[in-house]
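The values are calculated or read from the model by the stated rules, or taken from the named source; none is laboratory data. From a predicted model like this one, the values you see are computed outputs, not experimental measurements. Positions of Cβ are backbone-derived with ideal geometry, glycine not excepted, and every protein chain shown enters the neighbour counts. Quick note on the areas: whole protein, heavy atoms, side chains included, nothing else; ligands and nucleic acids left out. Shrake-Rupley method; radii C 1.70, N 1.55, O 1.52, S 1.80 Å.
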Amino acid sequence: GLVVAIAIWSAVSAVRALAPSFAALFVLRILLGVAEAPSFPAAAQSVRRALPPGDRSAAFGLLFTGSSFGAAVGAPLAIWLDVHFGWRTAFVIASLVGMAWLPLWLLVTRSPGVRAILARPDASAIAAAPPVSPVALFLDPAVLRALLLVLAAAPVSMFVYVWMPQYLE
């Protein structure tokens, strides 16, 4: 699943460089998000299957730190590429990064031992609790607290990210 998600994401990212209009770019951006969606669950599944429980938190921390670092570096890099080489180059470079990752992942995971580890069922999924209805999940106190926190923090975050730079300007 991870290989398919990254391959499709990389292909859509490359096609965005050929977008003839804003509408095409808009549709391709939506497709990029759809293609990107399975990558985190697939990466999490790989971590759960490949690592013992004691090492999983460090691996998840590395996974999420890497994605945050990529987002922090990606925006300035894309702007630099746009200024020096045009906006289409940023899409091609992003695609090339994904395409370069694919053979490395396949090389690392092609040994029979690694494939057996990644193919085994997740023990925690076997012993999982029965499914919960969406209404019961939404009414869960922990979910309501998290929702309240997001709703309370969003106006402050938007002020800091959007209005504060304009005020300081």
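Listed by first and then second residue, the pairs with beta-carbon distance under 8 Å, at least 6 apart or on different chains, first residue in region 16-45 and under 21 Å from TRP87 (Cα atoms), second in a helix (DSSP H, G or I) and of a type in the set (S, T, N, Q), are ALA17/THR89; ALA17/SER95; LEU32/SER13.
In region 1-38, which residues are open to solvent by 20 Å² or more (accessible area, probe 1.4 Å), within 17 Å of LEU106 (Cβ to Cβ), among the small types (Gly, Ala, Ser) and under 14 Å from the mean Cα position of the chain (by Cα)? Once the filter is applied, which keeps residues that are open to solvent by 20 Å² or more (accessible area, probe 1.4 Å), within 17 Å of LEU106 (Cβ to Cβ), among the small types (Gly, Ala, Ser) and under 14 Å from the mean Cα position of the chain (by Cα), region 1-38 yields GLY1, ALA7.
Picking from ALA78, ALA94, ALA72, ALA90, which residue would you name as being touching an Asp or Glu at 6+ places or on another chain (Cβ under 9 Å), of a type in the set (Gly, Ala, Ser) and modelled with pLDDT of 80 or more? Matching residue, one of ALA78, ALA94, ALA72, ALA90: ALA90. The set of residues in region 125-161 that are loosely packed, with under 10 Cβ neighbours inside 10 Å and either modelled with pLDDT under 80 or not in a helix (DSSP H, G or I) (or both) comprises ILE126, ALA127, ALA128, ALA129, PRO130, PRO131, SER133, TYR161.
In region 64-87, how many residues are open to solvent by less than 50 Å² (accessible area, probe 1.4 Å) and on the phi < 0 side of the Ramachandran plot? Step through it out loud before you land on a result.
Of region 64-87, the ones open to solvent by less than 50 Å² (accessible area, probe 1.4 Å) are 66-67, 70, 74, 78, 81, 86.
Next cut, on the phi < 0 side of the Ramachandran plot only: 66-67, 70, 74, 78, 81.
Final tally of qualifying residues: 6.
The criterion of at least 1 residues that are out of contact with any Pro (no Cβ under 6 Å at 6 or more places or on another chain) and among the hydroxyl-bearing types (Ser, Thr, Tyr) is met by the following helices (runs of 4 or more DSSP H) wholly inside region 14-89: 39-50, 53-85.
Do we have GLY98 as assigned to a helix (DSSP H, G or I), in contact (Cβ under 8 Å) with a residue 24 or more places away in the chain, surrounded by 10 or more Cβ atoms within 10 Å (Cβ to Cβ) and among the small types (Gly, Ala, Ser) here?
yes
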